[in-house]
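Q: First the structure, then my questions, so here it is.
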Amino acid sequence: MTILITGGAGFIGSNFVLDWLAQSDEPVVNFDALTYAGNLQNLASLQGDARHVFVQGDIGDRALLDRLFAERRPRAVLHFAAESHVDRSIYGPGAFIKTNVEGTFTLLEAARAHWNGLDDAAKAAFRFHHVSTDEVYGSLAPDAPAFTETHPYEPNSPYSASKAASDHLVRAWHHTYGLPVLTTNCSNNYGPYHFPEKLIPLMIVNALAGKPLPIYGDGLQVRDWLYVGDHCSAIRAVLARGRVGEVYNIGGWNEMPNRDIVHRVCALLDELRPSAEGPYTRLITFVKDRPGHDRRYAIDARKIERELSWRPAETFDSGIRKTVQWYLDHADWVANVQSGGYRDWLATNYSAR
Ligand code: NAD
Ligand code: TYD
């Protein structure tokens, strides 16, 4: 038995691979294009571990996918690979359409061809798990109820529109072809190995470097933050016990405005790595808002709790403390990401293997 993970060198994917292999001996084939967001250094602890097989490739490469399915015969696909940063999608939406929409289409087709060739028992057991986001549902008014799984799709950014399109493709491949799919829509994650272009790691890394902490607009946009380890446990629960064809929303029951997040990060750094120049909040700078900036996301995670008994294990306090501590303990990882040195990791560590 093997699972195939796409995007397993990214933030959530690498956390998932590490988490999976810490709890199971079922091998993982990790298929990742290693874009700027893919970092094999995240998986350095798996060097020499035969349960982890890394294959560099693009989910738009059908021939490569066909070979991979034929050779590895995975019992499940966990599809994390995506272009994931809203700001990048505003400046260059093309890559988002290519990977998130066309890439998901190609992956679905390769998975369907593989699935069609399985015997009845293997066909019934096969799963295509699509990892998606709460951003597909659009923006909530301050007092509106949180997103349920039946909330209308109202994506507002090129990123969320491309993820919404991919969700629709996955749904259609189930209804039309019978492919056994699962979809999860999760809120904002944070934790180790988070690329420092996203809010929380950017604030930590900039604060430590004495650089400005840029808050978009008034900073009162609300997100529902979930520790990445909790996202991984939710995905494992859905993969193991989720009903085929169903959607599960995953969230942290933890809505917070961006300003509060930044203040919390600053307070933790003041405690753990005080600066001689005074509190880190001195670095906060309000900058021009993101175009089309969604005001509020909030997840109603009752379905996954009711059906699969999943609830987050971390509170925001425990999760953010672990996260800030992780960045303090991994200055080398941060330095490598900032210098681009992590991009040499493949050549340095894998070329002779
Ligand atoms: P990430 O940007 O950190 O990682 C994406 C990974 O996918 C990278 O390793 C990259 O190299 C790989 N990739 C990109 N294009 C590829 C392609 N064409 N072929 C193969 N691999 C490719 O993203 P993340 O934050 O880890 O997000 C993972 C998934 O979870 C995404 O689908 C995202 O939409 C979803 N999600 C993210 C969050 C969040 O807060 N980060 C929340 C909910 C859902
Ligand atoms: P981000 O981490 O980019 O995730 P997403 O846009 O997918 O929610 O941003 C989280 C929130 O933080 C979002 O409301 C935008 C805001 N933000 C800032 O205020 N400053 C920043 O430098 C960044 C990167 C984000």
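Bear in mind that the values in this text are calculations on the coordinates, not laboratory data. Small disclaimer: the values here were computed from a predicted structure and weren't measured. Here the Cβ positions follow ideal geometry from the backbone for every residue, glycine too, while neighbour counts run over all protein chains shown.
Q: Give the residues of segment 135-145 that are surrounded by 13 or more Cβ atoms within 10 Å (Cβ to Cβ) and out of contact with any helix residue (DSSP H, G or I) (no Cβ under 9 Å at 6 or more places or on another chain), sorted by residue number.
A: Within segment 135-145, S139, L140 meet the criteria.
Q: Just to be sure, is I5 within 19 Å of V181 (Cβ to Cβ) and assigned to a loop (DSSP other than H, G, I, E, B)?
A: no
Q: Ok, one more. Return the only residue of I215, I200, I204 being away from ligand 1 (no atom under 11 Å from the Cβ), part of a helix (DSSP H, G or I) and over 30 Å from H174 (Cβ atoms).
A: Step by step, each of I215, I200, I204 is checked, and only I204 is away from ligand 1 (no atom under 11 Å from the Cβ), part of a helix (DSSP H, G or I) and over 30 Å from H174 (Cβ atoms).
Q: Being crowded, with 21+ Cβ neighbours inside 10 Å and assigned to a loop (DSSP other than H, G, I, E, B) is the filter here; which residues of segment 171-182 pass it?
A: If the condition is that a residue be crowded, with 21+ Cβ neighbours inside 10 Å and assigned to a loop (DSSP other than H, G, I, E, B), then L179 is the only one that fits.
Q: Does at least one position in segment 179-192 carry a residue that is more than 16 Å from ligand 1 (Cβ to nearest atom) and either of a type outside the set (V, I, T) or closer than 21 Å to L239 by Cβ (or both)?
A: yes
Each row is one residue, and each column tells you yes or no for (1) under 26 Å from V205 (Cβ atoms); (2) within 16 Å of ligand 2 (Cβ to nearest atom).
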{"position": "E255", "(1), (2)": "yes, yes"}
{"position": "D260", "(1), (2)": "yes, yes"}
{"position": "R264", "(1), (2)": "yes, yes"}
{"position": "S275", "(1), (2)": "yes, no"}
{"position": "D289", "(1), (2)": "yes, yes"}
{"position": "D294", "(1), (2)": "yes, yes"}
{"position": "W310", "(1), (2)": "no, no"}
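Q: Let me ask something else about it. Grab the helices (runs of 4 or more DSSP H) fully contained in segment 67-158, keeping just those with 2 or more residues being without any contact (Cβ under 8 Å) to a residue 12 or more places away in the chain.
A: Of the helices (runs of 4 or more DSSP H) lying wholly inside segment 67-158, those with at least 2 residues that are without any contact (Cβ under 8 Å) to a residue 12 or more places away in the chain span 120-125.
Q: Could you figure out which of (1) out of contact with any Asp or Glu (no Cβ under 8 Å at 6 or more places or on another chain); (2) within 12 Å of ligand 1 (Cβ to nearest atom); (3) outside any loop (DSSP other than H, G, I, E, B); (4) touching a residue at least 60 places away in the same chain (Cβ under 8 Å) isn't true of A164?
A: It fails just one condition, (4).
Q: Related question: Tally time: how many residues in segment 81-98 are more than 15 Å from ligand 2 (Cβ to nearest atom) and within 17 Å of E135 (Cα to Cα)?
A: 2
Q: The conditions are (1) within 16 Å of ligand 1 (Cβ to nearest atom); (2) free of Cβ contacts under 8 Å to residues at least 60 places away in the same chain, and R290 fails exactly one of them. Which is it?
A: (2)
Listed here are the residues, each with its yes/no results for (1) part of a helix (DSSP H, G or I); (2) surrounded by 15 or more Cβ atoms within 10 Å (Cβ to Cβ).
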{"site": "C232", "(1), (2)": "yes, yes"}
{"site": "G245", "(1), (2)": "no, yes"}
{"site": "M256", "(1), (2)": "no, yes"}
{"site": "R259", "(1), (2)": "yes, yes"}
{"site": "C266", "(1), (2)": "yes, yes"}
{"site": "P274", "(1), (2)": "no, no"}
{"site": "E277", "(1), (2)": "no, no"}
{"site": "D294", "(1), (2)": "no, yes"}
{"site": "K303", "(1), (2)": "yes, yes"}
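Q: Let me ask another. If you check Y91 against the conditions, is it of a type in the set (S, T, Y), within 12 Å of ligand 1 (Cβ to nearest atom) and surrounded by fewer than 16 Cβ atoms within 10 Å (Cβ to Cβ)?
A: For Y91, the condition - of a type in the set (S, T, Y), within 12 Å of ligand 1 (Cβ to nearest atom) and surrounded by fewer than 16 Cβ atoms within 10 Å (Cβ to Cβ) - is not met.
Q: Any chance you could count how many residues in segment 183-224 are among the aromatic types (F, W, Y) and surrounded by fewer than 20 Cβ atoms within 10 Å (Cβ to Cβ)?
A: Result for segment 183-224: 2.
Q: Among L34, L64, which is the only one that is within 12 Å of ligand 1 (Cβ to nearest atom) and farther than 28 Å from L199 by Cα?
A: From the options L34, L64, the qualifying one is L64.
Q: Let me ask something else about it. Which residue pairs have Cβ atoms under 6 Å apart, sit 6 or more places apart or on different chains, and have a first residue in segment 2-23 that is closer than 13 Å to L40 by Cβ and a second that is part of a helix (DSSP H, G or I) and more than 10 Å from ligand 1 (Cβ to nearest atom)?
A: Going by the 6 Å Cβ cut-off, the qualifying pairs are G8/V17; S14/L43.
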